[in-house]
Every structure is written in structure tokens, then in C-alpha cells.
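**Student:** Sharing a structure below in C-alpha cells format, with a few things to ask.
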Amino acid sequence: MAQSSDFFSSRTAITLVVANMIGTGVFTSLGFQLLDIRSAPIILALWFIGGVVALCGALCYAELGAALPRSGGEYNFLSRIYHPSAGFVSGWVSVTVGFSAPTAAAAITAATYFKSVFPDAPVMPIGIGLVAAIGCLHFGSRSNSANFQQLFTSIKIVLIFVFIAAAWWQVDQLQVITWVPTAQDFSFVGTGAFAVALIYVNYAYTGWNAATYLSGEVKDPARALPRILIIGTALVTVLYLLLHAMFLSVAPMSAMAGKVDIGFVVAGFAFGQTGAKVVGIMLSILLISTVSAMLLAGPRALQVMGQDFRLFAWLARETKNGVPANAVALQMLITLLLIATSSFESIIIFSGTILALNSLLTVLGLFVLRLREPELVRPFRIPWYPLPLVVYAVIVSWTLVYLVIERPVEVLWAVGLIVLGLVFYFFSTRLELLSEE
């Protein structure tokens, strides 16, 4: 019989969801959004919509994860629902940028905040060192990874609440903000700027599905997974709304527009330059748990892919502690390459596009599975079906359409990556056939 130490606890899985979600997006997206939208009600509406979309997605994934309880996330779902090629491409996305790009973005942001405090600090080496150090930690045992994840995620949540309360308490004068939307505010809704801003929001909420990547390592996943996904997503939604209400009421929009280090800018208005430096260090520490969560969840998708395809069998190899060391090493390597070669904004748009498409196909797969296998045992069924599925699919599809119009270069790169994944699938299946002859 498996011992309790062989599994990640529900608490660890919830911290994984929270840590995956609360990363670069919430502390950087506002600067890009304010370039086109200078309306507090619309900004908060964007983050509320993002939370609703994430919660709808989490409900759909909860049903899928409870019915199909195997590690691997979208790779497992898409392979089972559509075709092995769909799962392969999803795994290919995870291998290349699905987890590596957000990890790189989190490391770059942590280094950027550190540089805000120490201007001579080099961003790239600090980001690389952070990824290397945390990646090495995850080569060890599950218990060490779990304890590290729980500790730094708990620190993250406490520090965010302290930051919000202290900023409101210390600021000399709150900004004059109209929180009730006017007719002019509503003119932003439905525009290309609104859609692109929502992509940044959806990127910030990315990670609500993190627990499904290690379903096979969570005790009693059929019962635990829905609770894990829903609690984690709801908690993050509340934190995001509080943070942005604080950002907008403490610092002027003009000072934040176009800035990546929003937290540092806001801290300057609340606490002065000395206090801002303390907050800058704090925000760097916050992002440690995000980098850790990505390096913990991502390799599990690669591991499952390696179990199914001979071409990637080396990714399935485990240490004596059950850790997929080769998968961890590969994600570390790609993350380090992205830090060294890519700009922050291109990472956000490119990875945000491909992750949105990946999750959209998975959510639609819930509808397919219900039609095709109505007798399948489903320990959890989403309430108000199919409303959560429809809400998620409509909003994500709408943002993807606008991305094609507004940012075609990043979309083409995403399509190219998918096509390349199909090419690798073809060669992988040919290799399997040749080995059987």
C-alpha cells in the first residue's frame, strides 16, 4: 500500500495552484493595460472577468481531472478525448514553452524588482541563478519540494495582504478615482485594446490548472482535485481584485503606464523610496514560489509524455525518490535559454496565446466527453452545466480572435510551434512502428 509520503497533500496542491497563478502577471500587466485604458472600473472589470473565466475553466478541469485521474494535465485530457496527436502537441507545447516561458517571465520579473532596489544588479544572471538554484532543489525528494512550495507560497500570501493593508494605511493621499463606470468607460468594452488587455489578465490567471499536472501524485484525486482547483482559483481572484484596487487608489495611472515593476512604483508613492526598496525585495521573494511551482508542475507533463512515446522515453526516467530528473533538467535548460534570448513582452504574448488555445481545446473536450461517454464515472460534475463551459469558451475565443488581428507575429510563432509538434508526432509514431517490425 502506498504511504502518505508517496503523495502530495491537498494543501501542497492548493499552494501549487496559488503559486502558479500569482506570478509575473499581477505585478506587471497593469502597466501595459494603462497604455490604452485609463478607467479604474474597466480595469477592475477586466480582473473580475479574468477570475470568472479562470473559475469556469477550473470547474471544467475539475470534472475532467476527477474522471480521468492521471498526471499530465492537458496532455492526458487531449490524448484521451481527441487523439494521441492532440495530446502529443499539447505535451510538445509544455516541453517547449508552456511552462518554460512563464518560468522565465517570473525569473526576469524577480530580477527586475531586485534591480529596482540595486540598480547595478544584472537582470539576466540573477534570473538564471534563481532558476538554477530552485531547479536543483526539485531534483531531491517530493517532501523537500512540497515543504519548500508550502513555505514560500504561505510567505507570498501573507506578504501580499501586508502590502495591500500597509499601502492603504501609509499613503498620504488616495488618488481621486471614479469607481462607478460612466458611458465613456463602457466605450472600451469590446475594443481591440480591451481584448489584448484581457489576454494579459488571462495570462496572470494562468496556473489555475496546475494541480492536474500531478493528479497521479495527489491522494484520492477524484475527490480532492475539484476542491483544490476551486479553492485555489477563488483565493487568487480575491487577491487580484484587492491588489488592483490598491494599485489604482495609491499611485496615479500616468506613473504606472508602460511600467513593468508596478509594485515598486506603487510602493514609492505609499512608503517613499526607502520603503519602496523594501517592497522591491519583498516582491522578488514573492516570485520565488512562482518559479518553484512551474519547475514542480511542468516536468510532470513531460514525464507522462515520455511514458507514452519512445522518442521521449528519457523524460520518464525517475530518481529513486520518484522525481522525473530528466524532465526537470529539460525545463530548466529551456527556461534559461528563454531568459537569455527573449524580451519580457514577447514571452507574455507568445506563451499566453498558446496556453489559451491549449486550455480552450481541453474545456471543449468536456462537452465531447459527455456526448461520447455518458456512462463514464464522474465523481465530480460541474454545476450549471454547460454554462461554465460556454462562458470560458466564448471569452477565450474572443480574445484569441483579437490577438490574431492585433498581434499576428506572436500568433504565427505559436502556430508554427504547433505545426512543428505535429511533425515530431509523425516521426515519433514512425519510430514506434519501425521498432515493432
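The values are calculated or read from the model by the stated rules, or taken from the named source; none is laboratory data. Given the structure is predicted, the values throughout are model-derived calculations rather than measurements. No Cβ is skipped: glycine too gets one built from the backbone with ideal geometry, and neighbour counts run over all protein chains shown.
**Student:** Can you go through Gly365, Gly416 and tell me which one is touching a Lys or Arg at 6+ places or on another chain (Cβ under 9 Å) and within 28 Å of Val196 (Cα to Cα)?
**Tutor:** Sole residue among the options that is touching a Lys or Arg at 6+ places or on another chain (Cβ under 9 Å) and within 28 Å of Val196 (Cα to Cα): Gly365.
**Student:** Turning to a different aspect of this structure: Collect the residues in the range 258-279 that are in contact with a helix residue (DSSP H, G or I) (Cβ under 6 Å, 6 or more places away or on another chain), closer than 13 Å to Tyr113 by Cβ and assigned to a helix (DSSP H, G or I), keeping them in residue-number order.
**Tutor:** Matches in the range 258-279: Ile262, Gly263, Phe264, Val265, Val266, Ala267, Gly268, Ala276, Lys277, Val279.
**Student:** Among the residues of the range 239-282, which ones are under 24 Å from Asn20 (Cβ atoms) and either touching a Ser or Thr at 6+ places or on another chain (Cβ under 8 Å) or among the aromatic types (Phe, Trp, Tyr) (or both)?
**Tutor:** Tyr240, Phe247, Val260, Asp261, Ile262, Phe264, Gly280
**Student:** Moving on. Pick out the one residue from Ala58, Ala54 that is more than 26 Å from Val266 (Cα to Cα), out of contact with any Leu (no Cβ under 9 Å at 6 or more places or on another chain) and either at pLDDT 75 or above or assigned to a helix (DSSP H, G or I) (or both).
**Tutor:** From the options Ala58, Ala54, the qualifying one is Ala54.
**Student:** Within the bounds of the range 28-51, is there any residue that is within 22 Å of Gly298 (Cβ to Cβ) and outside any helix (DSSP H, G or I)?
**Tutor:** No, there is no match, as no residue in the range 28-51 is within 22 Å of Gly298 (Cβ to Cβ) and outside any helix (DSSP H, G or I).
**Student:** Tell me which residues, restricted to the range 277-314, are farther than 28 Å from Ile164 by Cα and either free of Cβ contacts under 8 Å to residues at least 24 places away in the same chain or surrounded by fewer than 17 Cβ atoms within 10 Å (Cβ to Cβ) (or both).
**Tutor:** Hits for the range 277-314 are Gly306, Gln307, Arg310, Ala313, Trp314.
**Student:** For the range 308-344, how many residues meet the condition of being farther than 25 Å from Met124 by Cα and either outside any helix (DSSP H, G or I) or of a type in the set (S, T, N, Q) (or both)? Lay out the reasoning, then the answer.
**Tutor:** To start, the set of residues in the range 308-344 that are farther than 25 Å from Met124 by Cα comprises 308-324.
Now restrict to residues that are either outside any helix (DSSP H, G or I) or of a type in the set (S, T, N, Q) (or both): 309, 317-324.
Residues that pass the stated criteria total 9.
**Student:** Shifting gears a bit: Which ones in the range 79-102 are more than 17 Å from Phe424 (Cα to Cα) and either without any contact (Cβ under 8 Å) to a residue 40 or more places away in the chain or assigned to a helix (DSSP H, G or I) (or both)?
**Tutor:** Of everything in the range 79-102, those that are more than 17 Å from Phe424 (Cα to Cα) and either without any contact (Cβ under 8 Å) to a residue 40 or more places away in the chain or assigned to a helix (DSSP H, G or I) (or both) turn out to be Arg80, Ile81, Ser100, Ala101, Pro102.
**Student:** Among the residues of the range 367-383, is any in contact with a helix residue (DSSP H, G or I) (Cβ under 7 Å, 6 or more places away or on another chain), crowded, with 16+ Cβ neighbours inside 10 Å and under 18 Å from Tyr82 (Cβ atoms)?
**Tutor:** yes
**Student:** Turning to a different aspect of this structure: Filter the range 374-388 for residues that are without any contact (Cβ under 8 Å) to a residue 40 or more places away in the chain and among the aromatic types (Phe, Trp, Tyr) and give the result.
**Tutor:** Listed by number, the residues that qualify are Trp384, Tyr385.
**Student:** When the residues of the range 19-66 are narrowed to those that are within 17 Å of Trp208 (Cα to Cα) and among the polar types (S, T, N, Q), which ends up surrounded by the most Cβ atoms within 10 Å (Cβ to Cβ)?
**Tutor:** Asn20
**Student:** So Ile43 fits all but one of (1) under 24 Å from Ala101 (Cβ atoms); (2) modelled with pLDDT of 80 or more; (3) aliphatic (A, V, I, L, M); what number is the exception?
**Tutor:** Status for Ile43: all satisfied but (1).
**Student:** Then there is this: Can you pull out every residue in the range 88-136 that is small (Gly, Ala, Ser), over 19 Å from the mean Cα position of the chain (by Cα) and modelled with pLDDT under 85?
**Tutor:** Matches in the range 88-136: Ser116, Ala121.
**Student:** If you take the residues in the range 117-129 that are surrounded by fewer than 24 Cβ atoms within 10 Å (Cβ to Cβ) and touching a residue at least 60 places away in the same chain (Cβ under 8 Å), which one is farthest from Leu361 (Cα to Cα)?
**Tutor:** Val117
**Student:** Of everything in the range 72-93, what is closer than 19 Å to Leu296 by Cβ and out of contact with any Phe, Trp or Tyr (no Cβ under 6 Å at 6 or more places or on another chain)? Give them in sequence order.
**Tutor:** Gly72, Glu74, Tyr75, Asn76, Val93
**Student:** OK, next. From the set of residues in the range 235-255 that are in contact with a Gly (Cβ under 9 Å, 6 or more places away or on another chain) and surrounded by fewer than 22 Cβ atoms within 10 Å (Cβ to Cβ), which is modelled with the highest pLDDT?
**Tutor:** My answer is Leu241.
**Student:** Restricting to the range 402-431, what's the tally of residues that are touching a residue at least 24 places away in the same chain (Cβ under 8 Å), out of contact with any Gly (no Cβ under 7 Å at 6 or more places or on another chain), assigned to a helix (DSSP H, G or I) and not hydroxyl-bearing (Ser, Thr, Tyr)?
**Tutor:** Total satisfying the criteria: 13.
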